[in-house]
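The block underneath contains the structure these notes are about, expressed in structure tokens.
The values are calculated or read from the model by the stated rules, or taken from the named source; none is laboratory data. Just so it is clear, the structure is predicted and the values come from calculations on it, not from any experiment. Ideal geometry is used to build each Cβ from the backbone, glycine not excepted, and the neighbour counts take in all protein chains shown.
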Amino acid sequence: MGRYVVRRVLLIVPTLVGLSILTFVVSHLMPADPAKLAAGPRATADMVQTIRHEYGLDRPLSVQYVTYVRDLLRGNWGTSIISQHPVLTDLRLYLPNTLELVLASMTIAIGVGVPLGVIAAVSQNRWPDHLSRLFTISFVSLPSFWFAIILQLTIAFTLGLLPVDGQLPTLTAPPHRVTGMVLVDSLLVGNLPLLWTAFQHLILPAFVQSIGAMAIITRMVRGDMLEILGQDFVRTARAKGLSARRVVLGHALRNAFIPTLTLIGLSFGFSLGGSVLVETVFDWPGIGLYAVNAALSADFEPIMGVTIMVGFIFIVLNLVVDLLYGVLDPRIRYT
Amino acid sequence: MDLGIRPSVEDSGSATATGWPLERQRSHENLRRQVARFRRNRLAVVGLAIVGLLVVIAVVGPYIVPYPGDTTGAIHPEAQLQAPSTAHLFGTDDIGDDILSRVIVGSRLSLTVGVIVLVIGTGIGVPLGAVAGYFGGTTDVIIMRVTDIFLTIPALILALTIAAALGPSLRNAMLAIALVWWPGYCRLTRGQFMSLRQRTYVESARVIGARDARIIFRHILPNTLTPIMVKMSMDIGFAILTAAALGFIGVGAQPPQPEWGAMVSLGRKFLPNWWWYSTFPGLAIFVTVFAFNMLGDGLRDVFDPQGVR
């Protein structure tokens, strides 16, 4: 087991290197000459050249790349033009909010998706199955930003049931920062009214964020359950006289768990990416909104920072899922 | 499928009762079975109908819109932000343009984007996957590493980054999405090539002395087409969705282009009182993507029923 862990962890290194190369290449895609931009419209050619030398932009690309990686590892991820803060500082501020949103949405997605998938499998080809297929395809086709707006219009504006946007009401102070996630922190601090408000603000964004993953999880659980329910050991259990529920929950579901685990890991990553849209509509102060604002202001360092951070999280997530796989299914460790 | 063509009497010795040679008849039956199977899937048929309608609208649309001038952003201050009515079925926007007209013309934009993204994506991904799968070895490892890196970053974020780097425009957004999409096709093609290159007919071809290129194009590639096309039909909906998302963020199509995502974004300022501005373009996105997904789902069901259902 130890050998498997070490081997798997070492495998991330080339992927991380690849990630840094990709972001380096993308950051050099800009058609504008960064030295000219920094120098300003009235700079002479000499001034531009000086700036170019100062920033090391006249060195060969391979040297620039080494400098780039060294900066990344040292925590120097550039500075945001808008906030005037180092990008890494900004990211540390906003990342917990995105994590809060993604975790909440994954909880909803799994909590609703798994039972729905089981129901669909058990009632295969009857109306609950067809209905769930209709929902699945619908949810996957919904533009999340549009669905968010529709929910805002109906539930928030018209019915007034939930707040329109934001993580907290305006001018409300967040709780003392422990994890950075408002919901968790207000619980830890014991501030229950704040916890309730924060929860209300979280519901709509988390729900909108969850539907994509929910649809995929439902389909996958259904597929896996169908495959397992057809297998011999299930028939044996039924022949033994076990009730349908015992068979489904006790035997079948347990075996469907492993592929679902990968799926959950992947969905987490995609939720992380798609949070950009939900954060924009609900004005949720996460790294997605940070990236969008930066993109619209041609502020490039923050966007690169978000990409690297999300890529890194995704890589680590895949690693965790693979390791869990190794724990749950001993056969994998020996391949 | 009676095309009125009859084989001549001196045709192959394996003529059957219908007069067609055996192989032809089998592939006729195959096709008929596939069509019947597709038709049984009601959702897929509906999807096909809607997609057909959309294509017609995209092609014919600009000529039949009620307010052709509005599609390029003509300003009508007197008609600003009017609610849906018989004169303007979807209402008007903040500069007085008819939203229905803009949505109709926007369909052309969205469908074109979907197609171009897929064409570029497969154009890059399929050859790379073929090379990786056929030659194996170091080439394969290198190509797969590159593919993995692209697949590490969530699609929307990478597309956003590339589009922002290149500069906001519809063309750059398309390029960005294609760059995010090609790894999927590379992987698929590689997998197909790896399994197919072991087959006897490939061995035979090589023994006769056929060059690699000929083997790839003439023998293996035609057999990989079906899974690739199934994937394309399932992907086009998401390509359109991603393009709309980039338009919504603001790094895709720029005003006054009537791109659906951009229109939803512009309409946000006018919530909730002038709700129609964001609602109808977004509805168009949903219906389009839904139709393509249903169609893709049905096609996948016909051609690859062992997949995750």
Filtering the stretch A:290-331 down to residues that are surrounded by 16 or more Cβ atoms within 10 Å (Cβ to Cβ) and of a type in the set (S, T, Y), which residue is nearest to A:V69 (Cα to Cα)?
A:T307
Being surrounded by fewer than 20 Cβ atoms within 10 Å (Cβ to Cβ), within 21 Å of the chain's Cα centre (by Cα) and either under 19 Å from A:S271 (Cβ atoms) or at pLDDT 85 or above (or both) narrows it down to one of A:T218, A:T179, so name that one.
A:T179
Going through B:T189, B:T147 one at a time, which residue ends up being β-branched (V, I, T) and crowded, with 24+ Cβ neighbours inside 10 Å?
B:T189
So how many residues does the stretch B:197-245 have that are hydroxyl-bearing (S, T, Y) and closer than 15 Å to B:V115 by Cβ?
2
So, restricting to helices (runs of 4 or more DSSP H) that lie completely within the stretch A:51-158, which ones have at least 3 residues that are away from chain B (no Cβ under 14 Å)?
A:61-74, A:87-122
With the condition kept exactly as written, say whether any residue in the stretch B:234-255 is surrounded by fewer than 24 Cβ atoms within 10 Å (Cβ to Cβ) and among the charged types (D, E, K, R).
yes
Condition first: free of Cβ contacts under 8 Å to residues at least 24 places away in the same chain, away from every other protein chain (no Cβ under 14 Å) and within 29 Å of A:S267 (Cβ to Cβ). Can you find one or more residues in the stretch B:146-165 that meet it?
no
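What residue, of B:L295, B:L283, B:L246, B:L225, is assigned to a helix (DSSP H, G or I), more than 24 Å from B:A49 (Cβ to Cβ), within 12 Å of another protein chain (Cβ to nearest Cβ) and under 22 Å from the mean Cα position of the chain (by Cα)?
Numbers: B:L295 fails: more than 24 Å from B:A49 (Cβ to Cβ); B:L283 fails: more than 24 Å from B:A49 (Cβ to Cβ); B:L225 fails: within 12 Å of another protein chain (Cβ to nearest Cβ).
When all the criteria are applied, what remains is B:L246.
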If I ask for residues that are more than 8 Å from every other protein chain (Cβ to nearest Cβ) and outside any loop (DSSP other than H, G, I, E, B), which ones from the stretch B:249-264 would you list?
B:W260, B:A262, B:M263
What is the one condition in (1) surrounded by fewer than 16 Cβ atoms within 10 Å (Cβ to Cβ); (2) modelled with pLDDT of 80 or more; (3) in a helix (DSSP H, G or I); (4) hydrophobic (A, V, I, L, M, F, W, C) that B:A44 does not satisfy?
(1)
Among (1) more than 10 Å from chain B (Cβ to nearest Cβ); (2) surrounded by fewer than 15 Cβ atoms within 10 Å (Cβ to Cβ), there is one condition A:L162 misses while meeting the rest; what is its number?
(2)
Consider the stretch A:96-150. How many of its residues are within 26 Å of B:R268 (Cα to Cα), surrounded by fewer than 22 Cβ atoms within 10 Å (Cβ to Cβ) and charged (D, E, K, R)?
0
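Has the stretch A:252-267 got any residue that is at pLDDT 85 or above, buried (at least 19 other Cβ atoms within 10 Å of the Cβ) and within 13 Å of chain B (Cβ to nearest Cβ)? Quick ask: steps written out before the conclusion?
Initial filter on the stretch A:252-267 (at pLDDT 85 or above): none.
No, because not a single residue in the stretch A:252-267 is at pLDDT 85 or above, buried (at least 19 other Cβ atoms within 10 Å of the Cβ) and within 13 Å of chain B (Cβ to nearest Cβ).
Considering B:V141, B:V103, B:V115, B:V119, which residue is surrounded by fewer than 17 Cβ atoms within 10 Å (Cβ to Cβ), within 14 Å of chain A (Cβ to nearest Cβ) and modelled with pLDDT of 85 or more?
Answer to the selection: B:V141.
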